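Trainee: The structure under discussion is supplied below as structure tokens; questions concerning it will follow.
The values are calculated or read from the model by the stated rules, or taken from the named source; none is laboratory data. All values reported here derive from a predicted model rather than from experimental measurement. Here the Cβ is made from the backbone with ideal geometry for all residues, glycine too, and neighbour counts use every protein chain on show. Heavy atoms of the whole protein, side chains included, go into the accessibility calculation; ligands, DNA and RNA do not. Shrake-Rupley method; radii C 1.70, N 1.55, O 1.52, S 1.80 Å.
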Amino acid sequence: MTIFLKTILYKFGVEPFIRLANRRKSVRYLEIGPGKKRIPGFEGLNIVKNKATDYIADAANGIPLADNSFDLIYSSHFLEHIEWYKTKFVLKEIYRILKKDGVLELWVPDGLKIAKAFVDGELYQGKDFYNDGWWKFNDEHDVCKWFCGRIFTYGDGNRIKGHWNSHQAAFSERYLTECLKESGFTNIGRMKSSECRGYDHGWINLGLRAVK
């Protein structure tokens, strides 16, 4: 059975029952773009099916969940996979499905930190990028290759264009804060790395918390 067929069977055969069961919860948490391991107590929405996925959807086209459904939404290194010009659309969708006073915890790569480390490495032999320690396709630890990997990522590693693992946006704290404000969020503030609920991306991590 192909992955496509399995996805269709799940989406139309299993997912409706999961939706019905979860609607009955008085308190609901959602992770958008979950990894392979589920965060306990969280429902999962993802573009691909894995063990942490309850709902299969491409958030760039909208989030097919009801208004005012979730008390907390957590998303780590998902938003950069959405086209940069759709950032505010997706944030408004997240705002829509949060309950009043609901909280969004959002993690993305710190584009400003990555860009600064690249410039420092190229012009001044800076080594800040070594704090990251991410060397996929870059055994020689070249700063430009590191920059390409962090900004564009690598898709599936086989040059399939449009693969879901390609980065489509970059963020600074200033810009992401503005996007959140324009999407309706308030009480926006920086999070500490110790507040990561799932995989910690370490040195490049930028985390913001916001309230509906």
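Trainee: In region 24-65, what residues are more than 23 Å from TYR199 (Cβ to Cβ) and without any contact (Cβ under 8 Å) to a residue 12 or more places away in the chain?
Mentor: If the condition is that a residue be more than 23 Å from TYR199 (Cβ to Cβ) and without any contact (Cβ under 8 Å) to a residue 12 or more places away in the chain, then ARG24, LYS25, SER26, ASN61, PRO64 are the ones that fit.
Trainee: Within the set of pairs 6 or more residues apart or between chains, which connect a residue that is at negative phi and among the hydroxyl-bearing types (Ser, Thr, Tyr) inside region 142-160 to a residue that is open to solvent by 40 Å² or more (accessible area, probe 1.4 Å) and at pLDDT 80 or above with Cβ atoms less than 7 Å apart?
Mentor: That search, which allows pairs on different chains as well, returns TYR154/LYS136; TYR154/PHE137.
Trainee: Could you please give the count of residues in region 95-126 that are touching a Ser or Thr at 6+ places or on another chain (Cβ under 7 Å) and of a type in the set (Val, Ile, Thr)?
Mentor: 1
Trainee: Within region 40-52, work out how many residues are over 15 Å from HIS77 (Cα atoms) and at pLDDT 95 or above.
Mentor: 4
Trainee: Output the qualifying pairs, or none if there are none: Cβ atoms under 8 angstrom, residues six or more apart or on different chains, first residue in region 173-197 and more than 15 Å from GLY111 (Cβ to Cβ), second residue β-branched (Val, Ile, Thr) and assigned to a helix (DSSP H, G or I).
Mentor: Short answer, once both residue conditions are applied: SER183/ILE94; ILE188/THR177.
Trainee: Please name all residue pairs, on different chains or six or more residues apart, with Cβ atoms under 8 Å, provided the first residue is in region 93-117 and is under 15 Å from SER183 (Cα atoms) and the second residue is part of a helix (DSSP H, G or I).
Mentor: GLU93/ALA59; LEU104/ILE94; LEU104/TYR95; LEU104/LEU180; GLU105/GLU195; LEU106/LEU79; LEU106/LEU176; LEU106/LEU180
Trainee: Check GLY41, GLY33 and return the single one that is under 21 Å from ALA210 (Cα atoms), touching a His at 6+ places or on another chain (Cβ under 8 Å) and not acidic (Asp, Glu).
Mentor: On the way: GLY41 fails: touching a His at 6+ places or on another chain (Cβ under 8 Å).
Going through GLY41, GLY33 in turn, the sole match is GLY33.
Trainee: Name every residue in region 131-156 that is in contact with a helix residue (DSSP H, G or I) (Cβ under 8 Å, 6 or more places away or on another chain), modelled with pLDDT of 95 or more and basic (Lys, Arg), in order of residue number.
Mentor: Hit for region 131-156 is ARG150, nothing else.
Trainee: Could you run through region 176-193 and say how many residues are part of a helix (DSSP H, G or I) and touching a helix residue (DSSP H, G or I) at 6+ places or on another chain (Cβ under 9 Å)?
Mentor: The number of residues fulfilling the criteria is 5.
Trainee: Follow-up. Read through the list (1) of a type outside the set (A, V, I, L, M, F, W, C); (2) over 22 Å from the mean Cα position of the chain (by Cα); (3) open to solvent by 90 Å² or more (accessible area, probe 1.4 Å), then give the number of the only condition that LYS37 fails.
Mentor: In the conditions (1) of a type outside the set (A, V, I, L, M, F, W, C); (2) over 22 Å from the mean Cα position of the chain (by Cα); (3) open to solvent by 90 Å² or more (accessible area, probe 1.4 Å), LYS37 misses (2) alone.
Trainee: From the residues in region 1-57 that are of a type in the set (S, T, N, Q) and either touching a strand residue (DSSP E or B) at 6+ places or on another chain (Cβ under 7 Å) or assigned to a helix (DSSP H, G or I) (or both), which one is nearest to ASP71 (Cα to Cα)? Lay out the reasoning, then the answer.
Mentor: As a first pass, look at region 1-57 and keep what is of a type in the set (S, T, N, Q): 2, 7, 22, 26, 46, 50, 53.
In the following step, the residues that additionally are either touching a strand residue (DSSP E or B) at 6+ places or on another chain (Cβ under 7 Å) or assigned to a helix (DSSP H, G or I) (or both) were identified as 7, 22, 46, 53.
Numbers: THR7: 28, ASN22: 13, ASN46: 19, THR53: 18 Å.
Going through the qualifying residues, I end up with ASN22.
Trainee: Kindly establish whether SER194 is among the hydroxyl-bearing types (Ser, Thr, Tyr) and open to solvent by 40 Å² or more (accessible area, probe 1.4 Å).
Mentor: When the stated conditions are applied, SER194 passes them.
Trainee: Same structure, new question: Among the residues of region 170-191, are any surrounded by fewer than 18 Cβ atoms within 10 Å (Cβ to Cβ), modelled with pLDDT of 95 or more and farther than 23 Å from GLY102 by Cα?
Mentor: Within region 170-191, one or more residues are surrounded by fewer than 18 Cβ atoms within 10 Å (Cβ to Cβ), modelled with pLDDT of 95 or more and farther than 23 Å from GLY102 by Cα.
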